[in-house]
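Before any comments, here is the structure.
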Amino acid sequence: MTFLLQFVFIMFATCGFCIIFKVPVKHIVPCVIIGSLGWLIYQLSMYYDASPVLSCFTASCAVGLFSDICARLFKDASTIFIIPGILCLVPGSGMYHTMAAMLNHDMAEAASRGTETLLMAGAIAAGLLIIGSLIQVVRSLVKKTVNRIS
């Protein structure tokens, strides 16, 4: 499947998540763009031979950054933009394959898939955490600098 077709499908999926989570109508378009760009970054990272864990980390960092930018532009909470944007990165198929391997008594495959799935979920959390922390540090430094100047 091409990147463009995946981009379109992810736009619809993110829009669906916006409807499910009752995102305000004025925020649906930015949420869709954030989710689509996050998935595109994930797929591009995978295309250039990055591991799925690193790709999830990179994409979640992008989603966190774009969500914070939109939160500042729209003067609203960043979680409104993060949650629909990050849901397409959640490794649900990895957990499915882990459980299927366990049911087939293939414990080596289950351990391999399960470990990768947990690392991907951790990478998503770490990406959001690091970007959020960096933004707070930058904001405090800018505030201190402005206070010293004035």
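Comparing L54, L37, L118 in a Gaussian network model of the chain where C-alpha atoms under 10 Å apart are linked, the largest mean-square fluctuation is found at L118. Couplings for the stretch 124-138, taken from phi via the Karplus curve 6.51 cos²θ - 1.76 cosθ + 1.60 with θ = phi - 60°, read 5, 5, 5, x, 5, 5, 5, 5, x, 5, 4, 5, 5, 5, 4 Hz in order; Gly and Pro are left as x. Across the stretch 78-89, computed HN-Hα scalar couplings (Karplus, 6.51 cos²θ - 1.76 cosθ + 1.60, θ = phi - 60°) run 6, 5, 4, 8, 6, 4, x, x, 8, 4, 6, 8 Hz from first to last residue, x flagging Gly and Pro. Dividing the helix sum by the residues of the chain, where each DSSP H run of 4 or more adds -39500 (n - 2.57), gives a mean residue ellipticity at 222 nm of -29500 deg cm²/dmol.
Suppose R0 equals 41 Å. What FRET efficiency, 1/(1 + (r/R0)^6) with r the Cβ-Cβ distance, do L44 and R148 give to the nearest 0.05? Taking R0 as 41 Å, the efficiency between L44 and R148 is 0.50.
With respect to the chain, whose longest principal axis is taken over its alpha-carbon atoms, helix 3-20 is tilted by about 70°. Extension gain, V25 to L4, is 5.1 nm, computed as 0.36 nm per intervening residue step minus the present C-alpha separation. The longest part of the chain holding none of the exposed loop trypsin sites (Lys or Arg not before Pro), meaning those outside H, G, I, E and B in DSSP with at most 13 other Cβ atoms within 10 Å, is 76-150. Can you tell me the orientation of helix 92-103 relative to the chain, as the angle in degrees between its alpha-carbon axis and the longest Cα principal axis, to the nearest 10? The helix 92-103 is inclined about 30 degrees to the chain. A 1.4 Å probe run over the chain, with the rest of the protein chains in place, finds 61 Å² accessible per residue. Full extension of the chain between S140 and D76 yields a length gain of 21.1 nm, computed as 0.36 nm times the residue separation minus the alpha carbon distance. So what is the relative contact order of the chain, in percent, for Cα pairs below 8 Å that sit 6 or more residues apart? It comes to 25 percent, rounded to a whole number.
Just checking the listed ones, V53, V25, V63: in the Gaussian network model of the chain with Cα springs under 10 Å, the one fluctuating most is V25. In the chain, the ratio of gyration radius to Kirkwood radius, Rg to Rh, stands at 1.07 when only Cα atoms are counted. What a 1.4 Å probe finds exposed on the chain is 73% carbon and sulfur by accessible area, rounded to a whole percent.
The values are calculated or read from the model by the stated rules, or taken from the named source; none is laboratory data. Keep in mind it's a predicted model, so treat the numbers as computed, not measured. Positions of Cβ are generated from backbone atoms using ideal geometry, with glycine treated the same way; all protein chains shown enter the neighbour counts. Surface areas here come from the heavy atoms of the whole protein model, side chains and all, with no ligands, DNA or RNA. Shrake-Rupley method; radii C 1.70, N 1.55, O 1.52, S 1.80 Å.
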